[in-house]
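J.: There's a structure below that I have some questions on.
The values are calculated or read from the model by the stated rules, or taken from the named source; none is laboratory data. These numbers come from a predicted model, not from an experiment. Cβ atoms come from the backbone with ideal geometry, glycine included; neighbour counts cover every protein chain shown. Ligands, DNA and RNA are stripped out before the accessible areas are found, and what is left, the full protein with its side chains, is counted by its heavy atoms. Shrake-Rupley method; radii C 1.70, N 1.55, O 1.52, S 1.80 Å.
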Amino acid sequence: LPAPVMDYLEGGSDEEVALRSNTEAYRSWRIQPRSLVDVSTVDLRADLLGRTMPMPMLLCPTGYSRMFHPLGERAVAAAANQAALPYVVSTVATTPVEEIAGMMTPAPWLQLYLLKDRSLSWDMLDRAWASGVRVLEFSVDTAVAGRRTRDLRHGLTIPPSLGAKALAGIAARPRYWTSMLQAPALEFA
């Protein structure tokens, strides 16, 4: 991935204090091995919101997935469907929820940030419901967008635009840019 896209994927806001704290907290967990235990009948199934899953895992919402690969949410939906795991479609998905729902059995879940323009939020909910979505993950963690200094440094905008810095980076990753330019334009679905 070009540096601006990789930094968007890996970066956080401001001085990335919360990002480092989250990473440190995750790294503090340890798997406790148990020796001489019969594991021939391990069952990882879990029940969540009326659904039995093969393991306690779901694929979380990621905004602008097609910025990382032209298939974006379609690829994630296909993987989730194959693994029989829930997939939570992002509020800022680049593939329509109707298309994702058409790929999955059962339907995906939907993440919703309550948008300032409430009619957009209601429209998203109506479209999701009509597509079979029955689980809503309501996000409240981004009342104000963070100041993402890595994105500012690279000139990355959302939605992406081909500014001078972005055009300069094309030469460094021609295969990425060729695949992106051959795909439909990135926009909120």
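J.: Among rounded, prolate and oblate, which fits the range 1-91 when a ≥ b ≥ c are the square roots of the eigenvalues of its C-alpha gyration tensor, a/c under 1.5 means rounded, and a/b larger than b/c means prolate? Please list the in-between numbers first.
T.: Working: a/c = 2.39, a/b = 1.34, b/c = 1.78.
The shape class here is oblate.
J.: More than 31 Å apart: what percent of Cα pairs in the chain qualify?
T.: 29
J.: DSSP beta bridges in the chain, what fraction antiparallel, as a percent rounded to 5?
T.: That works out to approximately 30 percent antiparallel.
J.: Using the beta-carbon distance between TRP122 and ARG20 and R0 = 41 Å, what value does 1/(1 + (r/R0)^6) give for FRET efficiency, to the nearest 0.05? Spell out each step's value before the answer.
T.: Details: r = 37 Å, r/R0 = 0.91.
For TRP122 and ARG20, the calculated efficiency is 0.65.
J.: Scan the chain and hand back the longest stretch that contains none of the GluC sites (Glu not before Pro) lying in DSSP loops with at most 12 other Cβ atoms within 10 Å.
T.: It runs 16-186.
J.: Please name which of VAL76, THR157, GLY132 has its Cα lying farthest along the dipole of the chain towards the positive end, using unit charges on Cβ (Lys, Arg +1; Asp, Glu -1) and the Cα centre as origin.
T.: Checking the options against the dipole of the chain, the answer is THR157.
J.: While we're looking at this one, here's another question. Expressed as an acute angle from 0 to 90° and rounded to the nearest 10, what is the orientation of the C-alpha long axis of helix 17-27 relative to the principal long axis of the chain?
T.: 30
J.: Roughly to the nearest percent, how much of the accessible area of the range 1-142 is carbon and sulfur, given a 1.4 Å probe?
T.: On the range 1-142, the fraction of accessible area on carbon and sulfur atoms equals 59 percent.
J.: Would you mind getting the accessible area per residue of the chain, heavy atoms of the protein chains only, 1.4 Å probe, in Å²? Please report the intermediate quantities before stating the final value.
T.: Numbers: 12610 Å² over 189 residues.
The answer is 67 Å² per residue.
J.: Here's something else I'd like to know. For the chain, which span is the longest to avoid every loop-located (per DSSP) member of trypsin sites (Lys or Arg not before Pro) having at most 11 other Cβ atoms inside 10 Å?
T.: After excluding every exposed loop site, the longest remaining stretch is 46-115.
J.: Also, I was wondering about something else. Relative to the longest principal axis of the chain, what angle (0 to 90°, nearest 10) does the C-alpha long axis of helix 118-130 take?
T.: 50
J.: I've got another one for you. For the chain, what does -39500 (n - 2.57) per DSSP helix run (n ≥ 4), summed and divided by total residues, give at 222 nm, in deg cm²/dmol to the nearest 500?
T.: On the way: 8 runs with 73 residues, N = 189.
Only helices count here, giving -11000 deg cm²/dmol.
J.: Calculate, for ALA183 and ASP38, the FRET efficiency according to 1/(1 + (r/R0)^6) with r their C-beta to C-beta distance and R0 35 Å; round to the nearest 0.05. Before the final figure, lay out the partial values.
T.: Values: r = 49 Å, r/R0 = 1.40.
That gives a FRET efficiency of 0.10.
J.: Quick one: putting +1 on the C-beta of Lys and Arg, -1 on the C-beta of Asp and Glu, what dipole do you get for the chain around its Cα centre, in Debye to the nearest 20?
T.: 380
J.: Additional query: Compute, for the range 96-161, the length of the dipole vector about the Cα centre, with Cβ point charges of +1 (Lys, Arg) and -1 (Asp, Glu) only. Units Debye, rounded to 20. Let's see the in-between values first.
T.: Numbers: 8 positive and 8 negative charges, 78 e Å.
Roughly 380 debye for the range 96-161.
J.: Related question: So if R0 is 22 Å, what FRET efficiency would ALA78 and ALA46 give, r being the distance between their Cβ atoms, rounded to the nearest 0.05?
T.: 0.50
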